[in-house]
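Enquirer: One structure, pasted below without further comment.
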Amino acid sequence: MVDIACGMEYLSSRNFIHRDLAARNCMLAEDMTVCVADFGLSRKIYSGDYYRQGCASKLPVKWLALESLADNLYTVHSDVWAFGVTMWEIMTRGQTPYAGIENAEIYNYLIGGNRLKQPPDCMEDVYELMYQCWSANPKQRPSFTCLRMELENILGHLSVLSTSRDPLYINLERAEEPAEGGNLELPGGDQASTGAESGSSMGAMGGTPSDYRYILSPGGLAEQPRQEEQQPESPLNESQRLLLLQQGLLPHSSC
């Protein structure tokens with residue numbers, strides 16, 4: 001979101017309005033930076049700070065600001081509205097905004113004071129920022145410079161997750177194959193061996209006091225050696241028994 005705000009800040013500083021800002025028009029580069037793309041509807045503002053749509057054309061209704069829907073009026077402030085919807089798309093992992101509401105119903109829905117709801121996993125600070133983008137008064141919406149700074153501030157205050165000593169999961173595709181007849185060495189091997197001795201064949205090590213979870217390959221645990229089964233002796237026939245008795249190899253029976 002910070003990268004998108006930076007890109008839109010640059011466009012607005014050059015007096016350009018995008019008019020089609022949405023998650024679908026934000027491209028992810030190999031270095032994980034986001035670039036704003038698709039300028040098919042963009043316009044240069046030569047005089048004043050607004051552009052009025054003259055002819056009918058297909059427009060992204062669910063990303064348009066109230067003034068754009070009502071009067072075909074486009075400004076940097078209407079791009080800010082679309083940026084708020086784009087933030088909502090990112091926080092919902094690509095859900096469609098205003099699901100279940102037809103394009104023809106969007107204006108009445110918004111004029112009634114309704115806005116997109118806060119996503120379940122969205123921070124309060126982030127939702128408050130996107131909600132400001134949907135102000136009915138265009139001049140009360142934050143600028144892209146303000147949005148960039150606020151997002152950078154939120155990003156800077158995020159707590160960094162501490163890396164644990166042992167991994168939560170093991171990538172079986174990258175784990176080294178155990179030697180023939182050996183065990184797959186795991187972090188906290190004592191717990192893994194305990195699970196093997198108890199006869200556990202589950203994929204995840206459950207029921208142990210550790211907070212770590214491991215995924216084991218089917219051949220990861222060594223098979224318990226099987227005890228050799230003693231084959232029952234085959235009974236001797238009468239001729240063999242007499243021969244052994246004559247040679248003193250069998251005790252004489254009292255019967």
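Enquirer: Need the full-extension length gain, ASP125 to ASN15, defined as separation in residues times 0.36 nm minus the C-alpha distance. One decimal, nm.
Expert: Extending this stretch completely gives an extra 36.7 nm.
Enquirer: Could you tally the net charge around THR145, taking each other residue with its Cβ under 12 Å from the Cβ of THR145, Lys/Arg +1 and Asp/Glu -1?
Expert: It works out to a net charge of -2.
Enquirer: Multiplying the sequence separation of HIS157 and GLN240 by 0.36 nm and subtracting their Cα-Cα distance, what value in nm do you get?
Expert: Here the segment from HIS157 to GLN240 would lengthen by 20.7 nm.
Enquirer: What is the fewest-to-most order of LEU147, LEU64 by other Cβ atoms lying within 10 Å of their Cβ?
Expert: Ordered by Cβ neighbours within 10 Å, fewest first: LEU64, LEU147.
Enquirer: Okay, moving on. Calculate the spin-label point distance for VAL2 paired with SER143, positioning each point 7 Å from the Cα along the beta-carbon direction, and give it in nanometres.
Expert: 2.1
Enquirer: Hey, another quick one. By how many nm would the segment from ALA37 to LYS117 grow when fully extended, if each residue of separation counts as 0.36 nm and the alpha-carbon distance is taken off? Mind dumping the intermediate values first?
Expert: On the way: separation 80, 0.36 × 80 = 28.80 nm, distance 2.66 nm.
Answer, rounded to one decimal: 26.1 nm.
Taken together, the values in this text are just the output of simple stated rules run on the coordinates, not laboratory data. All of these numbers come straight from a predicted model, not from anything done at the bench. Please note: Cβ atoms are built from the backbone with ideal geometry, for glycine as well, and neighbour counts cover all protein chains shown.
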